[in-house]
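Worksheet: one structure, shown below.
The values are calculated or read from the model by the stated rules, or taken from the named source; none is laboratory data. Quantities reported herein were computed from a predicted structural model and do not represent experimental measurements. Cβ placement follows ideal geometry from the backbone for every residue including glycine, while neighbour counts extend to all protein chains displayed. We work out accessible area using only protein heavy atoms, side chains counted, and drop any ligands, DNA or RNA first. Shrake-Rupley method; radii C 1.70, N 1.55, O 1.52, S 1.80 Å.
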Amino acid sequence: MKDTIVIGVCGGTGSGKTTLAQKIKDSFPNDCILLSHDFYYKAHDDMPFEERVKLNYDHPNAFDTELLIEQIEMLKKGLSIKHPLYDYTIHNRKTETVLVEPKTIIIIEGFMIFENTELLNLMDIKVFVDTDADVRIIRRIMRDVKERDRSLESVVTQYLTTVKPMHEQFVEPNKKKADIIIPEGGFNKVAISVLLEQIRSVLNGNQN
């Protein structure tokens, strides 16, 4: 198998990192895998719903990052994986998984992916999506209420008690680890164009 390119797309909640990651994937539809760190939230089957609701899902310990690292290494070796899925409405991992075959480009998307050094070292291109906090909270409220069946009160409470302080502790300081910083993520056409050219350049280098 040809050399694999691993691209990390990081940024705060609601920053536009998912939109950017999807645009990269859409630009290389036959050569690209997109793995969200959110797939790898830990399972808590032994914990009742009332207790799962109280967990801090914005801390590095909320994720099974070791499994993500293991599966990326498998893909780089040309092996298929079955990545987990997560159900936000019940705050637990789903029973089903998704089969993924190896591809040349692996995109990892998530707000906490620059925090883990071992995961960071797997990335060939590190992108940070930088968006104003007021824009991010509005996007998060709209997403969680519409798509994840959350109440407005619960979203705002979570933002103030865990999302904001965890962002300031773990996400914002890791911006300096990025190779490229893109304001407004998937909506910054010029920056996306430059990033896609960089990816093509690396791809062409692998193919020579």
Task: Enumeration of residues in the stretch 101-147 that are closer than 14 Å to D38 by Cβ and of a type in the set (V, I, T) - done: I107, I108, I113
TODO: Could you tell me whether I113 is assigned to a strand (DSSP E or B), within 20 Å of I182 (Cα to Cα), touching a helix residue (DSSP H, G or I) at 6+ places or on another chain (Cβ under 9 Å) and open to solvent by less than 20 Å² (accessible area, probe 1.4 Å)?
DONE: no
- [ ] Would you check which residues across the stretch 93-110 are open to solvent by less than 40 Å² (accessible area, probe 1.4 Å), in contact with a Ser or Thr (Cβ under 7 Å, 6 or more places away or on another chain) and either assigned to a strand (DSSP E or B) or within 26 Å of P48 (Cα to Cα) (or both) and list them?
- [x] V100, I106, E109
TODO: Give, as residue ranges, the helices (runs of 4 or more DSSP H) completely inside the stretch 1-92 that count at least 2 residues that are basic (K, R) and under 28 Å from D149 (Cβ atoms).
DONE: 17-27
Open item on the list: Show the residue pairs meeting these rules: Cβ distance below 7 Å; 6+ apart or different chains; first residue within the stretch 151-176 and more than 19 Å from N116 (Cα to Cα); second residue basic (K, R) and surrounded by 16 or more Cβ atoms within 10 Å (Cβ to Cβ).
Closed with: V155/R140; Y159/R140
